[in-house]
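Student: This is the structure I want to talk about, given as C-alpha cells.
What follows draws every value from the coordinates through simple rules; no lab data is involved. Computed from a predicted structure; not experimentally measured. Neighbour counts run over all protein chains shown; Cβ positions are idealised from the backbone, glycine included.
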Amino acid sequence: MSDDVPVTAAPTGGAQETTMTDGAGRDRSGRPADRPWTALWVSALTLPPLALLAAASWFGRWVRPGADDWCFLPRVRDDGISGLVGRFYLDDNGRVANALLVGAYAKFQVAGHQWYPLISGVLVLAVLWAVAVLALRRAALRTPRGTALLAAAMTTALFLFVTPNTYKTFYWPAASVSHTLPPVLACAALIPLMLARTRRGRALAIAVAVLMAAFLATLSEETAIVVVMVLLAALLVSGRVVPAADRGFVRLWCSGGIAGTAAGALVLVTSPGSMTRRERFGAETTSLLAPDSLAASLRAFAEITVTVVTTWQYVGAVAVGVLLGLLCRRADGTSPRPPAHWPLLTAAGLVTLLVSGYLCTVIAYPVFQDRVSDPSANRLWNDYLLLYVILLVGAGALLGLAARRCLRRTAPAKAVCAALCVLVCVGPAIALTNLDTAMRARAEKWDAQDRRLREGAAAGERVLPYERLVISAMLEPFSEGGERYWPGGCVADLYRLDRVTDGGRGR
C-alpha cells in the first residue's frame with residue numbers, strides 16, 4: 001500500500017481539484033511535486049516504530065497460555081468455536097463476538113497464542129495506515145511519501161507499547177480481543193465511509209457501520225461506549241464542519257452506527273449469559289449507578305488520567321502530527337490553513353474523550369474496584385486510549401499548520417519533531433527487551449511443565465502438582481498465598497486430570 005496521495009484528490013465536498021505538473025515534476029506553484037530528500041528522511045523515521053512492532057511480534061513466539069486462556073483451550077478443543085460461543089452466550093457473559101475471536105486463536109491451541117501478536121500487530125498497523133491515507137485523500141492534501149505510514153506506525157507503537165503492562169495489552173490474546181482490537185476495528189469502519197463516492201458505496205458504508213457497531217457491542221462494552229460517544233459528537237458538530245452535500249450521508253452513517261450499537265447491546269443484555277453474570281456479581285452490578293460507585297469511579301478515572309498524561313512518550317503523537325501539518329499541502333501546492341472550526345473540533349474531541357473514559361471506568365469499577373486504576377490493569381484503559389493518541393496526532397497537525405504560517409523557517413521544528421519520534425521509541429524498546437527475557441524464561445518452564453503434565457496424564461495419573469508461572473501480574477492457580485484455586489480447574493481440564501495441586505508448597 002502506498003501512502004503517497006495522488007495528485008488528483010476529492011475534497012470532502014465532492015468536487016475535485018487537479019494539479020497540473022510539468023515535465024520536471026513541478027506543480028502549478030513551481031514547487032517540486034515530491035522532494036526526494038524529504039520523502040527519504042520521512043520514510044527513515046518510520047523505521048524505529050516499525051522495528052518495535054517487528055521485534056515485539058518476533059518475541060511473541062514465547063507467549064504461553066495463562067489466566068482465562070486455560071479455560072478457553074479445553075472448551076474449544078472439545079466443543080469447537082461454536083461450543084465456546086454457546087458457553088459465552090448461555091453461561092458466561094453474552095459476548096458472542098468476543099467468543100468468536102477468542103475461538104479463532106484458541107482453535108490452534110498454543111500456536112494460536114504465539115501467532116496472535118504478529119497477526120494483531122499487522123492488523124492494527126494496516127487499519128491505521130489505510131485510515132491515514134484515505135483521510136489525507138478526502139481532505140485533498142498531499143504529503144511526501146511515507147508520511148501516512150509514519151503517522152500510522154507511530155500511533156501503533158504508542159498505543160501498543162507505551163503502556164504500564166505491554167504483556168496484557170499486546171501479548172495476552174484474551175485481553176487484546178476485549179480491549180485492544182475493538183477500537184481498531186471501530187477505526188476500520190471508517191474505511192468504507194471515506195471511500196464512498198456513489199450511492200451504492202454510501203449504502204455499503206452505512207451497512208458496514210451498522211454491522212460493525214453491533215459486532216463491537218457484543219465484543220467490548222467499553223469500546224461500544226466510546227463508539228457511541230464519538231458518533232454523538234460527530235452528529236452534534238456535523239452541521240458546522242461537514243459540507244452540506246455530505247451532511248445527510250454523514251448523519252445517516254452516524255445514526256446507523258448508534259442503531260447498530262443499540263441492537264448489539266440488546267443482544268448482549270438479554271442473553272442468558274449476561275443475566276448469569278449479573279446474578280454472579282450480585283450487589284456489585286446493581287451498585288453501578290450508586291453515588292459512592294460514581295464518586296469512586298471519578299477518583300479512579302482521575303488517577304488514570306494523571307498516569308496517562310504524565311507518560312511523556314505520548315509527545316511522539318504530537319510530534320508526528322506537527323510533522324504532518326508542516327509537510328502537507330493542497331493539491332495546487334499552496335499551504336493549507338487550520339480548519340475554520342478547529343476550536344469546536346478540539347473541544348468536541350476533548351469532551352468526548354473525557355466522558356467516554358469516565359463512563360468506561362464506571363462500568364468497570366463495580367467488578368474491578370480500586371484495581372481499575374492500577375497500572376497492571378491498564379488493559380481496561382485501551383478502549384479509549386487509541387482515541388487519546390489519535391487526538392494528540394490531530395492536535396499536533398493543527399500546531400503544525402499554525403507553525404508553518406508563523407515561522408520563517410520550519411526546518412528546526414521538523415528536526416525537533418523528528419528527534420522526538422526516535423526518542424520516544426527508546427523506552428519501549430528497552431521494556432520490550434526485558435519482557436522478552438521474562439517471557440522466554442517462563443516459556444521454558446511452561447514447556448517443561450506441559451510435558452510433565454501430559455506424560456503424567458498419559459500414564460494414568462489423576463492428580464498432579466502444578467507450579468505457578470506468573471508473568472506481568474497474570475493470574476495463575478494457587479494465588480493469594482495458595483488459597484485461590486482458579487484457574488486450576490481449567491488447567492486440570494486441559495490435561496484431562498481430576499485436579500492439580502500446588503507444586504510450590506513446601507519450597
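Student: Residue-wise, which Karplus ³J(HN,Hα) couplings in Hz belong to region 232-240, taking 6.51 cos²θ - 1.76 cosθ + 1.60, θ = phi - 60°, and x for glycine or proline?
Tutor: For region 232-240, the Karplus curve yields 4, 5, 4, 5, 5, 9, 4, x, 9 Hz.
Student: Please give every one of the aspartates and glutamates within straight-line cross-link reach of Lys168, meaning a C-alpha to C-alpha distance under 17 Å, and leave out same-chain neighbours fewer than 8 residues apart.
Tutor: Output for Lys168: Asp68, Asp69, Glu222, Asp374, Asp383, Asp436, Glu476.
Student: OK, next. Where Rh is the Kirkwood radius over the Cα pairs of the chain, the temperature 25 °C and the viscosity 0.890 mPa s, what D in µm²/s does Stokes-Einstein return?
Tutor: Using the Kirkwood radius from Cα pairs, D works out to 100 µm²/s.
Student: Right, another one. Could you work out the relative contact order of region 189-324, using alpha carbon pairs under 8 angstrom and six or more residues apart, expressed as a whole percent?
Tutor: Across region 189-324, relative contact order equals 23 percent.
Student: A follow-up question, please. So between Ile430 and Arg337, what do we pick up on full extension, going 0.36 nm a residue minus the alpha carbon distance?
Tutor: Working it through step by step, the gained length comes to 29.6 nm.
Student: Through the Karplus equation 6.51 cos²θ - 1.76 cosθ + 1.60, θ set to phi - 60°, convert the phi angles of region 112-121 into ³J(HN,Hα) values in whole Hz; use x for Gly and Pro.
Tutor: Along region 112-121, the couplings run x, 5, 6, 7, 4, x, 5, 5, 5, x Hz.
Student: Considering amide H positions built from the backbone, and no H for Pro or chain starts, which residues 5 or more places from Phe478, or on another chain, come under 5 Å of its amide H?
Tutor: For Phe478, the qualifying residues are Arg484, Tyr485, Trp486, Gly488.
Student: While we're looking at this one, here's another question. What distance in nm separates the simple spin-label points at Arg247 and Glu461, each placed 7 Å from Cα in the Cβ direction?
Tutor: 7.3 nm
Student: Further question: Dimensions of region 158-260 along principal axes (Cα, Å, largest first)?
Tutor: 46, 25, 21
Student: Rounded, prolate or oblate for region 217-337? Axes are the square roots of the Cα gyration tensor eigenvalues, ordered a ≥ b ≥ c, and the cut-off for rounded is a/c under 1.5.
Tutor: Verdict is oblate for region 217-337.
Student: Give a residue-ordered list of calculated ³J(HN,Hα) values for region 42-48 (Karplus: 6.51 cos²θ - 1.76 cosθ + 1.60, θ = phi - 60°; whole Hz; x for Gly, Pro).
Tutor: Karplus values, whole Hz, x for Gly and Pro: 5, 5, 5, 5, 6, 5, x.
Student: Please compute the contact order of region 439-502 in relative form: average sequence separation of alpha-carbon pairs under 8 Å and at least six residues apart, divided by the residue count, as a percent.
Tutor: Result for region 439-502 is 35 percent.
Student: Give me the one-decimal nm value for the distance between modelled label points at Ala207 and Thr270, 7 Å along each residue's Cα-to-Cβ direction.
Tutor: Going by the 7 Å Cα→Cβ label model, 2.4 nm.
Student: So, one more: Counting only C-alpha contacts under 8 Å and six or more residues apart, can you give the relative contact order of the chain as a whole percent?
Tutor: 20 percent
Student: Across region 439-502, how large is the tail of the calculated P(r) beyond 16 Å, expressed as a percent of all Cα pairs?
Tutor: I get 44 percent for the Cα pairs in region 439-502 exceeding 16 Å.
Student: Further, regarding this structure: Ala295 to Ala411: FRET efficiency via 1/(1 + (r/R0)^6), r the Cβ-Cβ distance, R0 51 Å, to the nearest 0.05?
Tutor: 0.50
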